Amino acid sequence: MERTLIIVKPDGVQRGLIGEILGRFERRGLKLAGLKLMRIPRETAERHYAEHAGKPFYEGLVSFITSGAVAVGVVEGLGAIAMVRAMMGATNPANAVPGTIRGDFAVTVSYNVIHGSDGPDSAQREIALFFTPSEIVEYERATDRWGTE
């Protein structure tokens with residue numbers, strides 16, 4: 001099983017989209033292994049977006065993600081990273097296909113509703129930023145055997 005981090009950003013929380021977004025992942029067969037509602041401290045946001053430090057849009061990223069409540073989750077499943085990325089859609093909502101989260105809900109590149117890790121290394125690093133090992137829950141669902149090979 002693979003794990004990835006998702007963040008329903010402040011615009012998604014303010015627009016009441018947490019349940020819709022999480023439901024899409026669950027209906028697809030992915031499992032929530034961790035979930036919390038929080039305000040991201042600036043220091044954590046700076047570490048989360050460290051790869052963009054020095055870029056013109058860096059301060060905007062940090063300011064936005066710390067501007068309100070977010071829902072942070074660990075999503076688990078076979079190929080979870082690629083599956084979540086495909087379900088999110090293109091970063092620019094103008095290029096996001098209808099049926100994707102951003103294609104259906106995002107407004108602008110800055111207000112694009114959701115973040116998802118872009119690979120195994122970033123997923124591991126990002127999960128550790130937001131969750132301690134004891135906050136990740138391992139459990140079996142009755143349906144798990146129907147979605148694996």
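Throughout, read-outs are computed from the coordinates displayed, never taken from laboratory work. Bear in mind the structure is a predicted one, so any value in this text is a computation, not a measurement. Note: ideal-geometry Cβ built from the backbone for every residue, glycine included; neighbour counts use all protein chains shown.
Taking N as the number of residues in segment 88-149, what is its Cα Rg relative to 2.2 N^0.38 Å? If you can, show how the numbers build up before the last one.
Details: Rg = 15.6 Å, N = 62, 2.2 N^0.38 = 10.6 Å.
Scaled against compact globular proteins, the figure is 1.48.
Spin-label pair Tyr111-Thr143: with each label point 7 Å from Cα along the Cα-Cβ axis, the two points sit 3.2 nm from one another. Of all the options Glu20, Glu135, Glu51, the one that moves most in a Gaussian network model of the chain with Cα springs shorter than 10 angstrom is Glu51. Could you let me know the centre-to-centre spacing of segment 1-43 and segment 67-145, using Cα atoms, in angstrom? Value for the Cα centre distance between the two parts: 6 Å. Ordered by the number of other Cβ atoms lying within 10 Å of each residue's own Cβ, fewest first, Leu22, Leu37 fall into the sequence Leu37, Leu22. Averaging over all projection directions, the Cα-based convex hull of segment 2-138 occupies 7.6 nm² in the image plane.
Close amide H partners of Ile114, meaning residues 5 or more places away or on another chain with modelled amide H under 5 Å apart, are Lys9.
Modelled spin-label separation between Glu135 and Ala94, with each label point placed 7 Å from Cα along the Cα-to-Cβ direction: 3.6 nm. The loop-placed trypsin sites (Lys or Arg not before Pro) in segment 57-149, going by DSSP, that have at most 15 neighbouring Cβ atoms within 10 Å of their Cβ come out as Arg141.
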